[in-house]
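Working notes, beginning with the structure itself.
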Amino acid sequence: MVGNAAQTLHPIAGQGFNLGLRDVVTLAEELANAFHEEQDIGEMPMLQAYLTRREPDRDATVAMTSGLVHGFSNTTAPLILGRNFGLAAMSVCSELKAPLLKRAMGLVER
Ligand SMILES: Cc1cc2nc3c(=O)[nH]c(=O)nc-3n(C[C@H](O)[C@H](O)[C@H](O)COP(=O)(O)OP(=O)(O)OC[C@H]3O[C@@H](n4cnc5c(N)ncnc54)[C@H](O)[C@@H]3O)c2cc1C
């Protein structure tokens, strides 16, 4: 349910451990909530609440790492041009760079 056993990311950008930590913290919160509400912590609603909370972060992190792998391993000229232009744009415009940086640093909704 957590970490690499739940999702295996490409090691590019070093996100797997951070994502796994966010899984663990969220699961602990959901377990504590269920315990305080005297629910069965092994019941499906608790597990479903955990899975639903983790889905957006997981999907976005997988999309980012896969996007980087595919974008930077492709050698077709338009893509090389596009990614160089994208990197140059990000280096001069902090508004473009911020979303990628925040996700890479794990400063995301959990
Ligand atoms: C080259 C590289 C660089 C990385 N750099 C970063 C980084 O900078 N930042 C970052 O956040 N992430 C990084 N990662 C990803 C990160 O290492 C993993 O996402 C993280 O270690 C996953 O932790 P885990 O506990 O879920 O799984 P694992 O670390 O894979 O732990 C699983 C454990 O279970 C054991 N095991 C497996 N099967 C069994 C079994 N049947 N019985 C008993 N034990 C078993 C294994 O031996 C292992 O010890 C990198 C990964 C790689 C490959």
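Every read-out reported here was derived from the displayed coordinates using simple, explicitly stated rules and does not represent laboratory data. These figures come from a predicted structure and were not determined experimentally. Cβ coordinates were reconstructed from backbone atoms using ideal geometry, including for glycine residues, and neighbour counts include every protein chain displayed.
Some notes on this structure:
- Extent along principal axes [Cα atoms of the chain; Å; largest to smallest]: 58, 26, 18
- Packing around the peptides 101-107, 52-58, taken as the average count of other Cβ atoms within 10 Å per residue, puts them in this order, highest first: 52-58, 101-107.
- Label point distance in nm, Lys102-Val69, each placed 7 Å from Cα along Cα→Cβ: 2.6 nm
- Alpha carbon centroid spacing (whole Å) that separates the range 1-31 from the range 35-94: 12 Å
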